[in-house]
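Reading through the structure tokens given below for one structure.
Values in this text are rule-based calculations from the coordinates and carry no lab data. What you are looking at is a predicted structure, and each value in this text was computed from that prediction instead of being measured. Using ideal geometry, Cβ is built from the backbone for each residue, glycine included, and neighbour counts are taken over all protein chains shown.
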Amino acid sequence: MAKRKLIDLAHARSGDKGDLVNIGLIALKPENYPVLVREVTADRVKQHFAGVCKGPVERFELPNLGALNFLLHEALDGGGTVALKADPQGKTYSTALLRMEIDVD
Amino acid sequence: MIRIANGQGFWGDSLQAPVEQIRRGPIDYLTLDYLAEVTMSILQKQRARDPQAGYARDFVELIARVLPDLKDRRIRVIANAGGINPVGCRDAVLEAAARQNIRVKVATVTGDDITDRLDQFLKRGIELKNMDTDEPLAAVRAQVERANVYFGAFPVAQALGKGAEIVITGRVADAALTLAPMIHEFGWKETDWDKLSAGVIAGHAIECGAQVTGGNCQVDWETIPNLADIGYPIVEAEPDGTFCVTKHAGTGGRVTVASVKEQLLYEIGDPTQYITPDCVADFTTVQLDQAGADRVRFTGIRGRPATNYYKVSASYTAGYKAIGSLVYTWPNAYKKARAADQILRQRLGLLGLRFDAVRTEFLGANACHGIPAGEPAPEIEPHLPEVVLRVGVRSENRAAVERFTREIAPLVLNGPPGVSGLGLGRPRVEEIVAFWPALIPKSEVRPEVAIWPSES
């Protein structure tokens, strides 16, 4: 198995709702989608954002769009107006996720 | 088929976009979204100083500028520009029209403001529990500034039915601005769950403006043409609930399945239950096809019955914050920035200041991506040309936050070398307005639709 960075296989967009960040992860090609489903589990994402995401990570599948949606709870230092972060709305969590390395066939 | 355009994704978006939507090609409806949660609090503060204020003044200026075009082209406008004073907004629009000797029918949708009824609700056991934490609103009642319900599309459609050429709302769900003309034109019923869900998803696709037409798009972003003149989105809606997302010919940007997917996934939770006042839409049923250049077709959308609740957003004050920045330069920029952070924290300690949170980030090293980015590689780190030290504090105690703002600038002369204050001056102390999401039974609130000049 070879290692690849997610940025070679997927694109993403993230946004906020209170202290929660959602990250939509979208396969660049249809054949990449099963690899994302297999490798990019909620646990892997929780681990990737260790120290950033204080709560649980949920994952939802959208096979029709070749996409996964992740919800990172307690991930924004209190959220939008409360947060002291340079990215208080989690807009750059999308590209932070694309740094992840996964095993591909 | 009807064409519904979005010309504003948030208050602060391009002032030119709605003008281009009107003038560069055919549209039937122009929707404009001005209200983020934080906007309502800003409007509240403005109205506290001036009872006539409390709505998006940009909207009135826009209407004054384009009203003749709207009349010529028979374009109807739907905007949540009313903020916390839709009637004031309506009067300002009518006044602007009168100055140009143009007659225009303007409707308002109100009733979303429940600020004055909160105590009555709490007394009757409607606890308005926080949807995230389950705490009852009573926990922060004393700090609450205002509370609004998110209405759906039907009152807006009713306003269109009364002949309104401009509909001004307070709080309504963003997607309702787009769904409403479909209900009005196609005669959709309150139980047409699949069609309503299609309209909601159409609204979700265009409610953030150019974020679906190539803005903030990761796929081949460098080749997306002419972002300087980016076209804002247009939905071409059919009575059966299918639709295309496109933009005016000749504008910049790009509408592809990839750009649309990014926007569909923006700020959603469980994709099988996207809850809105009008229905529960299922994003896993959407089928997308590239139907032509800059044109994506949506089919297959299914949905389920609406819930018995409206969402409420209450805002409450939650202390103060301030954020200060300094830029450290080569050599060893990152090391100097970290040393300055330590010195600053020691000084805050010596002053006996207590904060609920002190947060330091190093822009240029790993601020936005943080821990997933890791630390800069050891061979690179000493050679970084510059690193911005960014320190924020949060406290209930305004004086402590105020004192913090005086401790940044001195570091330029009494801390590590090679530093600039970025020309920003002393940091500003900001009052924090936080948000409280809750649910309320629909039976407790009623949208009110009024039109001016009146029908009689």
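Shape class of region B:1-95 from the Cα gyration tensor (axes a ≥ b ≥ c, square roots of the eigenvalues): prolate, since a/c reaches 1.5 or more and a/b is larger than b/c.
The 3J(HN,Hα) values that the Karplus relation (6.51, -1.76, 1.60; θ = phi - 60°) gives for region B:174-183 are, in residue order, 3, 5, 5, 4, 7, 5, 4, x, 5, 4 Hz. Gly and Pro appear as x.
Within chain B, which is the longest segment that contains none of the GluC sites (Glu not before Pro) sitting in a DSSP loop with at most 10 other Cβ atoms within 10 Å?
B:1-378
By the equivalent-ellipsoid construction on the alpha carbon gyration tensor, region B:314-434 comes out with semi-axes of 26, 17, 12 Å, ordered largest to smallest.
Placing +1 on the Cβ of every Lys and Arg and -1 on the Cβ of every Asp and Glu, with nothing else charged, gives the protein assembly as shown a dipole about its Cα centre of roughly 1140 debye. How big, in percent, is the set of alpha carbon pairs in chain B lying more than 29 Å apart? Looking at chain B, the distances longer than 29 Å represent 56 percent of pairs. Each label was represented as a point 7 Å from its Cα along the Cα-to-Cβ direction; for B:ALA399 and A:LYS29 these points are 6.6 nm apart. Candidates B:GLY88, B:ASN130, B:ASN6 compared by Cα position along the dipole of the protein assembly as shown: farthest toward the positive end lies B:GLY88, with charges placed on Cβ.
Cross-link pairs exceeding 27 Å in C-alpha to C-alpha distance, out of B:LYS45/B:LYS129; B:LYS129/B:LYS195; A:LYS17/B:LYS45; B:LYS45/B:LYS105; A:LYS3/A:LYS29; A:LYS85/B:LYS247, comprise B:LYS129/B:LYS195; B:LYS45/B:LYS105; A:LYS85/B:LYS247. Largest GNM mean-square fluctuation among A:LEU28, A:LEU36, A:LEU62, using chain A with Cα springs under 10 Å: A:LEU62.
If the elastic network links every pair of Cα atoms under 10 Å, which of A:VAL37, A:VAL45, A:VAL82 fluctuates the most in the Gaussian network model of chain A? Per the Cα network of chain A with a 10 Å cutoff, A:VAL82 tops the list. Averaging 1/r over each pair of different alpha-carbon atoms in region B:155-210 and inverting the result gives 11.6 Å, the Kirkwood hydrodynamic radius.
Stokes-Einstein diffusion for region B:199-287 at 10 °C, viscosity 1.306 mPa s, with a Kirkwood radius from C-alpha pairs, works out to 117 µm²/s.
Coupling constants for region B:441-446 follow from the phi torsions by the Karplus curve (6.51 cos²θ - 1.76 cosθ + 1.60, θ = phi - 60°), and in residue order they are x, 4, 5, 7, 9, 10 Hz; glycine and proline get x.
As a rough footprinting exposure proxy, the listed residues A:LYS29, B:LYS442 were ranked by other beta carbons within 10 Å of their own, and the order from fewest upward is A:LYS29, B:LYS442. Helix-only arithmetic for chain B: the sum of -39500 (n - 2.57) across DSSP H runs with n ≥ 4, divided by the residue total, places the mean residue ellipticity at 222 nm at -8500 deg cm²/dmol.
Taking a point 7 Å out from the Cα of B:VAL140 in the direction of its Cβ, the residues of region A:15-29 whose backbone N falls within less than 17 Å of it are A:16-21.
So if I place +1 on the C-beta of Lys and Arg and -1 on the C-beta of Asp and Glu, and nothing else carries charge, what would the dipole magnitude of region B:314-434 be about its Cα centre? I want it in debye, nearest 20.
400
Taken along its three principal axes, the alpha carbon spread of the protein assembly as shown comes to 73, 60, 48 Å, from the longest extent down to the shortest.
With semi-axes defined as the square roots of five times the eigenvalues of the C-alpha gyration tensor, the equivalent ellipsoid of region A:2-98 measures 24, 12, 12 Å, largest first.
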